[in-house]
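The values are calculated or read from the model by the stated rules, or taken from the named source; none is laboratory data. Worth saying up front: this structure is predicted, and the values here are computed from it rather than measured. Every residue, glycine as well, gets a Cβ built from its backbone with ideal geometry; the counts of neighbours run over all protein chains shown. Areas reflect the complete protein model, heavy atoms only, side chains present, ligands, DNA and RNA absent. Shrake-Rupley method; radii C 1.70, N 1.55, O 1.52, S 1.80 Å.
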Amino acid sequence: MSTMELPDFLHDLTGEDDLPSIKYATEIFSMLEVKKIKKKQVLLHLGEVCDNIYFIKSGILKGSIIDEYGDLHTTRFVAENDVMTSMYSFVDQTPSNIQIQCVESGEVLCFNHQDFTYINKLYPGLLPAFQKLMLKRYHNLLDEKSRMITNDATTRYLKFMERYKDMEERLPLKDIASYLGIRQQSLSRLRSKLDPESVDMH
């Protein structure tokens with residue numbers, strides 16, 4: 001199997017001259033189970049223990065958190081050749097504080113915790129490399145969301161368009177509104193204001 005076939009995330013776990021890393025990344029890839037996913041299917045419910053890392057082959061996943069009033073808020077979207085999991089839940093096998101749901105039908109590659117434990121015994125460098133990479137992604141997400149909180153709705157939407165321009169047309173309007181922290185009606189008015197010729201087809 002050529003290393004060129006590895007998902008970007010697995011390449012990110014390896015060093016340029018670290019052949020053992022390439023070896024375990026390739027071995028991980030060989031363990032991945034292909035799973036078909038359906039639109040609106042929940043892969044991980046809040047409070048469940050996360051047992052998989054999901055590599056997106058096709059489709060879009062979204063991650064959501066719950067507030068003190070019991071309302072879900074979208075915090076991220078991931079699409080093809082990207083990855084999603086609940087990191088602390090997966091590594092520590094504790095209840096997840098995020099929900100993972102399918103925005104589109106498609107396919108994901110699943111790396112389950114049992115295989116993760118097995119491969120980590122063979123290559124002890126996997127866990128710290130994985131934690132470092134996921135923490136970097138997590139901190140980038142927090143930085144992104146904290147910057148958005150201080151901006152007005154128009155600026156938040158423009159930054160969203162910059163961040164998710166390749167998948168924006170595939171996302172339901174209600175999910176975009178949830179991500180931006182505004183009402184769907186407000187988002188429709190905002191889109192019309194920025195582009196009067198646009199028609200919401202979501």
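Some notes on this structure:
- The order of the peptides 153-159, 100-106 by mean Cβ neighbours within 10 Å, most packed first, is 100-106, 153-159.
- If you take all other residues with their beta carbon under 14 Å from the beta carbon of ASP51, and give Lys and Arg +1 and Asp and Glu -1, the sum is -3.
- Amide H contacts of VAL103: LYS40, ILE60, LEU61, LYS62, each under 5 Å away and 5 or more positions distant or on a separate chain (H built 1.01 Å from N in the peptide plane; Pro and chain starts excluded).
- Listed pairs LYS57/LYS165; LYS62/LYS121; LYS132/LYS165; LYS40/LYS132; LYS62/LYS132; LYS132/LYS174 exceeding 24 Å between Cα atoms: LYS62/LYS121; LYS132/LYS165; LYS40/LYS132; LYS132/LYS174
- The stretch 50-105: C-alpha gyration tensor shape, a/c 1.5 cut-off, then a/b vs b/c: oblate
- The accessible area of HIS73, taken with all protein chains in place and a 1.4 Å probe, comes to roughly 70 Å².
- For the peptides 92-99, 118-125, 48-55, residues were scored by their other Cβ atoms within 10 Å and the scores averaged per peptide; the highest-first order is 48-55, 92-99, 118-125.
- Packing-based ranking, highest mean first, of 82-88, 163-169 given that Cβ atoms within 10 Å are counted: 82-88, 163-169
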